[in-house]
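What follows is a short report on a single structure.
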Amino acid sequence: MEHLGILYEEHLIKNIELYLRLVISALFGMFIGWDRSAKNKPAGLKTFMYVSVSCTLITIISIYSVEFFGNSNANNRMDPMRLTAQIVSGLGFLGAGLIIKDGVRVKGLTTAAMVFFSGGVGIGIGAGFYGMVFAAVFITFILAKISLLIEERQTQSRRIKEQQGIQ
C-alpha cells in the first residue's frame, strides 16, 4: 500500500509537483477551451479542461506505476508510455465524434483538433514537460489569432470581388 502514500499528508509536500501538474493542466485546458466557448461551440471550457486533466492524470499514473509496480516480479517489464499511447487512440475516437458533415460543409474539425491538442497538453504536463507545453500553448494561441485575422481578410476580399463581379 506504499504506492498510496501520495494521499497521506506527510507525502503531500513531497509530491506537491504532481498536484501542481493537475492544476496547470486544468488551467491550460480551460485556456484552450476558451476559444471554442467564445465562439459558442458545444465543446468549451469544461470539455477541454476534462480532456487535459484526464490525460495528465493517466500519464502520471502510467509513469509512476512503473516505479511502484515495476519491481514486483523479475519477469515484469513495464512501459510507462503504454497508457499514453492508448490516450491518443481515445482522443482520435472522441475527435471523430465531433466532426459532422453537412452536405459539402464539414464542421467540427478545429474543435476535434483542439481536443487532440488539449490531450497532448495533458500528456506533456503529466510527464513533466512544462516548458515545452507552455511554448506549444503560447505558440498555437498566437498563431491561431493571426490565422483568424488572415481568414477574416480573405473572406472580406472574396466578398469585395463577388460584389464587383455582380455589379
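The number of residues in segment 26-64 that are part of a helix (DSSP H, G or I), more than 16 Å from G122 (Cα to Cα) and touching a residue at least 40 places away in the same chain (Cβ under 8 Å) comes to 2.
For segment 141-164, the condition holds for at least one residue, the condition being that it is under 14 Å from the mean Cα position of the chain (by Cα) and modelled with pLDDT of 85 or more. Check segment 106-120 and report whether any residue there is basic (K, R) and crowded, with 19+ Cβ neighbours inside 10 Å. The answer is no, given that none of the residues of segment 106-120 is basic (K, R) and crowded, with 19+ Cβ neighbours inside 10 Å.
Yes or no, residue by residue, for (1) within 30 Å of R21 (Cα to Cα); (2) surrounded by 12 or more Cβ atoms within 10 Å (Cβ to Cβ):
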| position | (1), (2) |
| --- | --- |
| D102 | no, no |
| I125 | yes, yes |
| I146 | yes, no |
| I160 | no, no |
| Q164 | no, no |
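Apart from one condition, G90 fits all of (1) farther than 19 Å from A135 by Cα; (2) touching a residue at least 40 places away in the same chain (Cβ under 8 Å); the exception is (2).
Among the numbered conditions (1) in contact with a helix residue (DSSP H, G or I) (Cβ under 7 Å, 6 or more places away or on another chain); (2) closer than 22 Å to L45 by Cβ, the only one that I139 does not meet is (1). It is to be established whether one or more residues within segment 10-19 are modelled with pLDDT of 80 or more, touching a helix residue (DSSP H, G or I) at 6+ places or on another chain (Cβ under 7 Å) and in a helix (DSSP H, G or I). Yes: one or more hits.
The values are calculated or read from the model by the stated rules, or taken from the named source; none is laboratory data. Worth saying up front: this structure is predicted, and the values here are computed from it rather than measured. Using ideal geometry, Cβ is built from the backbone for each residue, glycine included, and neighbour counts are taken over all protein chains shown.
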